[in-house]
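> Let me begin by handing over the structure; questions about it come next.
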Amino acid sequence: MMKVWELYKSGTGIESFLMLSIGVFIITSFMLYLLIINSRSRNIRRNKRLAEYNKVIENVMFLVVFQDMAFSEIKKDENFDKLFKTVFFREVMIDSIINLHKNYEGSYVQKLEQFYKDSGLIKDSFRKLKSLKWEVKCKGITELAEMNCMEAFDKIIKASKARNKVLKITAINASIKLGGTKSMAYLTEHPYPIDEWTQINIINAFKKHDLGDTKGIELLLESQNSTVIALGLKLIKELKLTQKIPYVTKLIANTPNTFIKYEAQNVLEILTV
């Protein structure tokens, strides 16, 4: 590099240097142009396929939800069977089922869940759960939780102990949706500190899912992890669980942690007032 720069300063071979620079610039520009064109072409083809797939999936979901048609019957259609073997089509179908599941109730939800299992799409979600990429793992967790797959509960609990904050929050929220207060026993043994942002997300998950049964939340106050105890106190305060007052009182009497004692006294005062 120094030799090139010295040649340039001395004026020796400057014309060749400039020609080479212009050539490199033109070739680089042309390659970038080709990459942009190729990318746009891929997006256009992808959007075209997406529109075609959505039409097919809408018809299939209509048959499943409103005409009680089983997957085994739908699979007899050769065109559908061919499409169903492609990864992209299956991914679009899962997204469509998830969206419908969020907006439907009662028997419609049960039909969607049955189709999700019978079709084997549940296996796709489990594969995502095993992925080493946290964003893929999060998507799998979200899908399984939305479709009420209790068989994924233990694996999701394991994922909630991850270091990655987004993965941890996603897994904890999913475990609360699936197991309700059953997830408290696992959260009590959480080995890492739970930061304020994660605690807020957990509290919002409890409010969102409107869990009627609050039995087990008091277990958080028995944890060896002070941030888990703090989370338990916040849940008791935010959900106004006056039936947990005896547990808060016991915590005040037994904890050596000054901060926890202060927080517990504050919660007790709010609940008794």
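The values are calculated or read from the model by the stated rules, or taken from the named source; none is laboratory data. Only a predicted model underlies this, so the values are computations on that prediction, with no experimental measurement involved. Every residue, glycine among them, receives a Cβ derived from its backbone with ideal geometry; neighbour counts consider all protein chains shown. In case anyone asks, the SASA skips ligands and DNA or RNA and just uses the protein heavy atoms, side chains included. Shrake-Rupley method; radii C 1.70, N 1.55, O 1.52, S 1.80 Å.
> When you check PHE89 against the structure, is it under 16 Å from LYS123 (Cβ atoms) and of a type outside the set (Val, Ile, Thr), yes or no?
yes
> Spot the failing condition for ALA185; the list is (1) touching a Gly at 6+ places or on another chain (Cβ under 9 Å); (2) open to solvent by 70 Å² or more (accessible area, probe 1.4 Å), and only one is missed.
Unmet for ALA185, out of (1) touching a Gly at 6+ places or on another chain (Cβ under 9 Å); (2) open to solvent by 70 Å² or more (accessible area, probe 1.4 Å): (2).
> Could you check the range 109-161 and list, in sequence order, the residues that are farther than 14 Å from SER175 by Cα and part of a loop (DSSP other than H, G, I, E, B)?
Within the range 109-161, SER119, GLY120, LYS130, SER131, LEU132, LYS133 qualify.
> Same structure, new question: Among the residues of the range 225-273, count how many are part of a helix (DSSP H, G or I), under 22 Å from THR181 (Cβ atoms) and not polar (S, T, N, Q). I'd like the intermediate steps shown before the answer.
Quick first cut of the range 225-273, residues part of a helix (DSSP H, G or I) only: 226-238, 242-254, 258-272.
Filter once more, keeping what is under 22 Å from THR181 (Cβ atoms): 226-238, 242-251, 260, 263-264, 267-268, 270-271.
So of that shortlist, the ones also not polar (S, T, N, Q) come out as 228-238, 244-248, 250-251, 260, 263-264, 267-268, 270-271.
Number of matching residues: 25.
> In addition: Across the range 156-171, what is the number of residues that are open to solvent by 100 Å² or more (accessible area, probe 1.4 Å) and within 13 Å of LYS130 (Cα to Cα)?
The first filter runs over the range 156-171 and keeps only residues open to solvent by 100 Å² or more (accessible area, probe 1.4 Å), leaving 158, 163.
Still in the list and also within 13 Å of LYS130 (Cα to Cα): 158.
So the count comes out to 1.
Here is a yes/no grid of residues against (1) closer than 30 Å to ASP81 by Cα; (2) touching a Phe, Trp or Tyr at 6+ places or on another chain (Cβ under 9 Å):
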site	(1), (2)
LYS111	yes, yes
ASP118	yes, yes
SER125	yes, yes
GLU143	yes, yes
ALA162	no, yes
LYS168	no, yes
ASN201	no, no
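> Next question. Can you find a residue in the range 97-107 that is touching a residue at least 24 places away in the same chain (Cβ under 8 Å), open to solvent by less than 80 Å² (accessible area, probe 1.4 Å), over 27 Å from GLY180 (Cβ atoms) and not β-branched (Val, Ile, Thr)?
Of all residues in the range 97-107, those touching a residue at least 24 places away in the same chain (Cβ under 8 Å) come to 97-98, 100-102, 104.
Now narrow it down to the ones that are open to solvent by less than 80 Å² (accessible area, probe 1.4 Å): 97-98, 100-101, 104.
Imposing the further condition that a residue be over 27 Å from GLY180 (Cβ atoms) reduces the set to none.
No, because not a single residue in the range 97-107 is touching a residue at least 24 places away in the same chain (Cβ under 8 Å), open to solvent by less than 80 Å² (accessible area, probe 1.4 Å), over 27 Å from GLY180 (Cβ atoms) and not β-branched (Val, Ile, Thr).
> With the structure loaded, tell me whether LYS250 is open to solvent by 10 Å² or more (accessible area, probe 1.4 Å), over 19 Å from HIS190 (Cβ atoms) and within 26 Å of the chain's Cα centre (by Cα) or whether it fails that test.
no
> Keeping to the range 82-109, report how many residues are under 13 Å from SER119 (Cβ atoms) and modelled with pLDDT under 90.
The total comes to 0.
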